[in-house]
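Asker: I'd like to ask you about the structure that follows.
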Amino acid sequence: MDCARYRQLICADDLAPDEEQRRQMDKHEAECLSCANYGTQIRQIEKGICSLAVVKAPDDFVSEVLDCLPSWQMLRTVWSRWRVAGVAVALLLFFGFPTYMLVQYPKPFVASLDAGARIEVLGQTVIVPEDVVVNGDITVYHASLQVLGRVRGNVFLVSSGYSIGQQGKVDGRIVLKEHSPWDKVVYGFRNISQEVRAYLGGAWR
Amino acid sequence: MDVVEQALARRAKQNDVHAFAQLVELYKDRIVSFLYRLTGNREDARDLAQDVFLRLYNNLHTYDSSLRFSPWLYRIAQNIAIDFLRRKKNIVYLDEPLGEFDDQAWQLEDDEPWPDEVVEFKDLQSALEQAMARLNPMYRSVLVLRFAEEMSYEDIAKVLNLPQTTVKTRLHRAREALRRLLIERGYFEDSQRGEKDGLR
């Protein structure tokens, strides 16, 4: 190994010399005082830089850096953290309350095969007036039924109550049925979709 | 480690101040030491480190989170240190093209004579620190990145924005410049005498 090759290898710190190169370098160092000195100096320099003084940051360094951040960026950070929660709460309030109302208090309606029968719906009350005769069954949803006239059939009351006036009469059976919570939700959303369709239909017109 | 840093940087990029604070905590000592080794002054190093992290925060939106974080941060630190040294000494180094290895390539930072009190080195450590302080910052930084920060050539190339071959050349010249400085001050024996006598 010549001096040039030795110095090339001693400086190539990214390429570890193989065993044979190592042996040749050792041999060259033993023969060449100049290169031996050179090798020692290079190693000392590298080792010395490795152990240069370490300076620690002050204890309050992080807080000092954070204090220097522009305040609007801090606000932006707070906003970014809370905006998701804020939007979620707003959406919940905006849609949740009407949904809850529609689910808990669905619109009353009445179904009857007697298309000619004059059945009145006043708020949450379904009324069969005194002079009215309903031929066939009627089903009442989410209301309070007042029978003042006559029903010639069965009465099905779904989540509904009833009262029968002095002149009122039901020829068939009165069947009470409560909706399950799931049915209430389904009814609630069905009502919502009906409302939306009605609104959109009106808006388009 | 890299994965953690990248994840923190990604979160910090999304304006998570806590993630940013964790990054500062993770790197503060390394960056202050790095800057001290480049500037040679503790107070300057601490002030500059603050600038480094503020610039980091302001530039996080440009960070490509698929890339390693530390070379990117060191690049910021390197640029801030060089700007500082440039302002301080009015010297332009890093962006200047280098000529072939000659006497100019290992020039000193300035031509002032060494003060008498620093001539007598107590040990290699103080000798090196004195010599490093007189070394061209361009060489100083490549030596520090390689041997003190133990970075790969690939990472140093990213920090200095240079090809790896240039990094290797610069490292060789830096080491040689430092060695000659130590010879000049009598700390090392001049092994180059052998060259004059004719190398084998």
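Throughout, read-outs are computed from the coordinates displayed, never taken from laboratory work. Every value quoted in this text rests on a predicted model; they were computed, and no experiment measured them. Cβ: placed from backbone, ideal geometry, glycine included. Neighbour counts: every protein chain shown.
Asker: Quick one: compute a quarter of the convex hull surface over the Cα atoms of segment A:80-186 and quote it in nm².
Answerer: That works out to 8.0 nm².
Asker: OK, next. Evaluate peptide A:58-70: per residue, the Cβ atoms of other protein chains within 10 Å of its Cβ; return the mean as an integer.
Answerer: Details: counts 5, 0, 0, 10, 8, 2, 5, 13, 7, 1, 5, 7, 3.
Across the residues of A:58-70, the mean count of other-chain Cβ atoms within 10 Å is 5.
Asker: In terms of the ratio Rg/(2.2 N^0.38 Å) built on C-alpha atoms, what value belongs to segment B:1-90? Show your work: numbers first, answer last.
Answerer: On the way: Rg = 13.0 Å, N = 90, 2.2 N^0.38 = 12.2 Å.
Normalised Cα radius of gyration, segment B:1-90: 1.07.
Asker: Compute the distance in nm between two label points, each set 7 Å from the Cα along the Cα-to-Cβ direction, one at A:T40 and one at A:F189.
Answerer: 8.6 nm
Asker: What is the distance, in nm, between label points placed 7 Å from the Cα along the Cα-to-Cβ direction at A:L200 and at A:V84?
Answerer: 3.1 nm
Asker: With viscosity set to 1.002 mPa s and temperature to 20 °C, compute the Stokes-Einstein D of chain A, Rh being the Kirkwood radius across alpha carbon pairs; µm²/s, no decimals.
Answerer: Values: Rh = 26.2 Å.
Translational diffusion coefficient: 82 µm²/s.
Asker: Taking 0.36 nm per residue of sequence separation and subtracting the Cα-Cα distance, how much length would be gained by fully extending the chain between A:C68 and A:Q8, in nm to one decimal? Before the final figure, lay out the partial values.
Answerer: Values: separation 60, 0.36 × 60 = 21.60 nm, distance 4.83 nm.
Result: 16.8 nm gained on full extension.
Asker: Would you tally the net charge around B:W72, using a Cβ to Cβ cut-off of less than 15 Å, leaving B:W72 out, and scoring K and R as +1, D and E as -1? Spell out each step's value before the answer.
Answerer: Working: positive: B:R10, B:K13, B:R30, B:R55, B:R68, B:R75, B:K158; negative: B:D2, B:E5, B:D64, B:E149, B:E154, B:D155.
Around B:W72, the surrounding residues sum to +1.
Asker: Between A:I174 and B:A7, how high is the FRET efficiency from 1/(1 + (r/R0)^6) when r is the Cβ-Cβ distance and R₀ = 60 Å? Nearest 0.05. Before the final figure, lay out the partial values.
Answerer: Details: r = 67 Å, r/R0 = 1.11.
Once rounded, the FRET efficiency stands at 0.35.
Asker: Pop the C-beta distance of B:R75 and A:W182 into the FRET formula with R0 = 45 Å and round what comes out to the nearest 0.05. List each step's numbers first, then the result.
Answerer: Numbers: r = 60 Å, r/R0 = 1.34.
Calculated transfer efficiency: 0.15.
Asker: Under a point-charge model restricted to the Cβ atoms of Lys and Arg (+1) and Asp and Glu (-1), what is the dipole moment magnitude of segment B:1-90 relative to its Cα centre, in debye to the nearest 20?
Answerer: 300 debye
Asker: Taking amide H atoms as placed 1.01 Å from N in the peptide plane, list the residues 5 or more away in sequence, or in a different chain, whose amide H sits under 5 Å from that of A:V134.
Answerer: Here the answer is A:R150, A:V151, A:R152, since their amide H atoms fall under 5 Å of that of A:V134.
Asker: OK, next. To test your reading of the geometry: what angle, between 0 and 90 degrees and rounded to tens, separates the Cα axis of helix A:181-204 from the longest principal axis of chain A?
Answerer: 90 degrees
Asker: Calculate the mean, over all residues of peptide B:20-29, of how many other protein chain Cβ atoms lie within 10 angstrom of the residue's Cβ.
Answerer: Working: counts 6, 5, 1, 1, 7, 4, 0, 1, 6, 5.
So the per-residue partner count for this stretch is 4.
Asker: What FRET efficiency do you get for A:D131 and B:Q14 if R0 is 60 Å and r is their Cβ-Cβ distance, rounded to the nearest 0.05? Kindly include the intermediate steps, with their values, before the conclusion.
Answerer: On the way: r = 72 Å, r/R0 = 1.20.
Result of the calculation: an efficiency of 0.25.
Asker: Would you pull out the residues with amide H under 5 Å of A:I174's amide H, same chain only if 5 or more places away, H placed 1.01 Å from N?
Answerer: Amide H neighbours of A:I174, under 5 Å, 5+ apart: A:V155.
Asker: Also: What cysteines in chain A have no other cysteine with a beta carbon less than 4.7 Å from their beta carbon?
Answerer: A:C3, A:C11, A:C50, A:C68
Asker: If you take the Cα atoms of segment A:3-50, find Rg, then find the Kirkwood Rh from the mean of 1/r over all pairs, what is Rg/Rh?
Answerer: On the way: Rg = 10.4 Å, Rh = 10.9 Å.
Rg/Rh for segment A:3-50 comes to 0.95.
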